Structures are given as C-alpha cells and as structure tokens.
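These notes concern the structure reproduced below.
Read the figures in this text as sums done on the coordinates, not as results from a lab. A quick note: this is a predicted structure, and the numbers were derived from the prediction, not measured. Using ideal geometry, Cβ is built from the backbone for each residue, glycine included, and neighbour counts are taken over all protein chains shown.
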Amino acid sequence: MSDPTVFLHTFAQALSVLSLYPEGHPSRERAIDAAYQSLDLLTGASTVPAFTFLEGEVVYGREPLRDFKDWDWGYRLAAAGIERLQVERAVSRDEFEGFLQEVNTRLTMSSASTSENRQMRSLGIRFGAVGVRGHSIEVVKTESGSGAPSAVSLADELETLKWLQDEVQSERAVPLIEAEAIVRSLSVTMHAERGTVLPLLQLKNFDQYTTTHSLNVSVLSMAVAESIGCRKTEVRALGMAGLLHDIGKIKIPIQILTKPGKLSADERRIINKHPVDGAKMILQSDEALDIAAVVAYEHHMMLDGGGYPTPHYGRDTALASRLVHVCDVYDALRTKRPYREAWESDTVFKYLLEHSGTEFDPDLVKAFIAMMQRSETHVSQLPEIASAVPLEADLS
C-alpha cells in the first residue's frame, strides 16, 4: 500500500545510513532498498508525488501531514535548500541512489550548483526551493564591484505570482503553497543583509503588471508589521494579506483596468466590486487565510467610514486592513501613471500625514514613515514577462 509517511520515514533512514556506511555495506543497501520500494509504491499510486518542507510543515500534494509537524528532517532539508521534492516519473534503483547521494551532499554542504539541479531533474526527481513548473523562488543576488549594495532580482517571485493569478482566474483555488513561498522568499530577501532591506519593483511602463504592486505591498506590510513588534506568524500573515489584497481584480475586464481617463459610473461600480470578489475567492480557497480575506475586503475602507465597499453598519476596520491600506496607497502614489508622474517619497509621506485621522490610522502612518526612513530600499527594474494583469488606472 502506498503511504507518503512510510516513504518519509524510510527516506530519512536511508539518508542517515548513507553518512554511516560505505557503498556496498549491507546496512546501507537495505536502507536504500526500503526507501526505494516505498517510493515505487508511491509513484504507482500517484501521478506526481510532491512533498513540500516549509516553516515546520510537511505537505504532501496540498495536504499537510499532521504527524510530521516540526519534523527535524523537514527543517534540515529546508535549511539545505530542499523545500520541494517532486517525483516526475518512475526512476530506477540506481537513479534513486544517486538522488540520495546528491541530497546527502546538500545536507553536508552550504550550496550546490545549478548544473547539479538540472542533472537531478533529468533523472525524474526535481528538488530545490519551492517553485512553479520548475521555476524556483530562490533569491538572486549579485555583488557590485563598486562596493554598492547588492541588487535583488524578484523575477521568479513575479512569474510565480502571475502564475498564481492565472490559476485563480481559471476558477481554481488560490495556490496556498506557492503564495506562502513567495512571502517567505520576500522575507528572506528583506533580511539578507544587516538592517531591513526593502526589495521593491519599479514599472517601466504603465501597461505592465499589477503583480509588481502586490509584491511591493507584501514587502512593505511585513516591514511595518516587524517595526511595530508583531510576532513572526503575524508578519507572515500580513505579508500574505498584502500579496493577495488585489486578487479580486482578476475579474475586472482589462480595458477598464487600463483605461487612462476618468471611469464612467458603470466602470467605477465594476472596479468597486474587487474587494468583495477578492475576499470570496480567498475564503473559498482556504479558511486559514481569514486575515487575507478580511484585508482584501477592507483595504479600500477609510478610517472615517469613506471608501468602499460601504459597510452595512458602523464598525472599525481591522488593524491588518489599516496597515495594508497605508502600504497600498504609498506604492500606488509612487508608481508612474499615464496622467501623472510618480510621486517622490517625501511627497507621499506628506499626503499620508495630511490624511491621517480621516483616511489613514495616524499611528500606522507614523510607524510606516519611521520604518521607511530607517530602512534601505533596493528598487529593481521590472523584467519583461509576457501576458500579465495590468495595474488599475485610478488610485481611488
């Protein structure tokens, strides 16, 4: 009988034995045989067996394995850069032993080359950082020869988010694992150097992608959350909320999203539906994303009751929604539009302060500005990626 838990136990046992016994030793061969047999049963029952090791969780396909929460080997594999293990076809016993040796090498070394990654994919077993369709979400950094800060490339995160939006647009559930991986990767990039580094993307042209805005709002939301003392789990939840706050826009026709002039009353009604649509999509995908759903619904609501959608009764918006709202407006004003240039940061800070107490939470505005003034910002030019969702034309 196929069982992913049996494979994980025999897989860990085989890795342990590999470090103890030389090639050809009976104990080593027995351990490899046991792991290979459990994998063979798994590949016979499932088209593409896939394991994810992320933040103390072990997920098989899309189902968390409760018995493997905080599994020591899960942490060890993730620390070695093995967050996803996916078997794409049946492999021979020799191929499997080679795979085990490669994983063992990664566990005992700090890194492995990309050419080795390609070799393992050719054998039918792909592993590495969590990604989509073979595109990893590993942080790419290149050192400048002039001593300037290193540049950060978010091309893989951007492509993964575009894929995620396409999945939702095709009436599929929000891919939670990939969304979590994007947020985790952004967090890693933010803390790759001393202090807080904000990896933000800049548009080349207005008709490019709403994905950049979502990534930027995710980064900014996590940075503010850290600055006001939120716990790690809360920071990640706010990062997820920032990433998905505009997911409802996938239902809006592109010609409305890209319209450079004033919207008609009917077009405005369509635009104003995206918070409700986004909240529904998130709730239908995963109840664990309740904070993200609330933020998607409330991120255009103002402190004084203005904005949209209009609540049926007077109530305060959630702290998470107020926080994301500040980050959302900041990034929108910092983006060049067909009808205006991008605002300078100091001009945006002035706008936020002037509208504190009416549109924005004053304490969060102060925290946001203080965080921005003490953080280092790395702005990367958006790479060319085909077929993406454009930005909304109107800020309000």
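Between residue 69 and residue 345, residue separation times 0.36 nm minus the direct Cα-Cα distance comes to 95.1 nm. The dipole here belongs to the range 302-371: it is taken about the Cα centre, uses +1 on the Cβ of Lys and Arg and -1 on the Cβ of Asp and Glu, and is about 180 debye. In this calculation the C-beta distance from residue 94 to residue 316 is compared with R0 = 45 Å, giving a FRET efficiency of 0.10. If you average the alpha carbon positions of the range 1-32 and of the range 49-101, how far apart do those two centres end up, in angstrom? Cα centroid to Cα centroid, the span is 14 Å.
Calculated FRET efficiency, residue 363 to residue 280, Cβ-Cβ distance, R0 = 35 Å: about 0.70 to the nearest 0.05. Applying the Karplus relation 6.51 cos²θ - 1.76 cosθ + 1.60 with θ = phi - 60° to the range 328-336 yields 3J(HN,Hα) values of 4, 5, 4, 5, 5, 6, 7, 9, 5 Hz, where x marks Gly and Pro. Residues whose amide H falls under 5 Å from that of residue 335, counting only those 5 or more places apart or on a different chain, are 343, with hydrogens built in the peptide plane. Residues whose amide H lies under 5 Å from that of residue 128, counting only those 5 or more places away or on a different chain, are 83, 84; hydrogens are built 1.01 Å from N in the peptide plane. For residue 65, the amide hydrogen comes within under 5 Å of the amide hydrogens of 58, 59, 60, counting only partners 5 or more places away or on other chains and with H modelled in the peptide plane.
A Förster radius of 56 Å, combined with the Cβ-Cβ distance separating residue 262 from residue 16, puts the computed FRET efficiency at roughly 0.25. Listed values for the range 32-43 are Karplus-derived 3J(HN,Hα) couplings in whole Hz (6.51 cos²θ - 1.76 cosθ + 1.60, θ = phi - 60°), namely 5, 4, 5, 5, 5, 5, 5, 5, 4, 5, 5, 5, and x replaces Gly and Pro.
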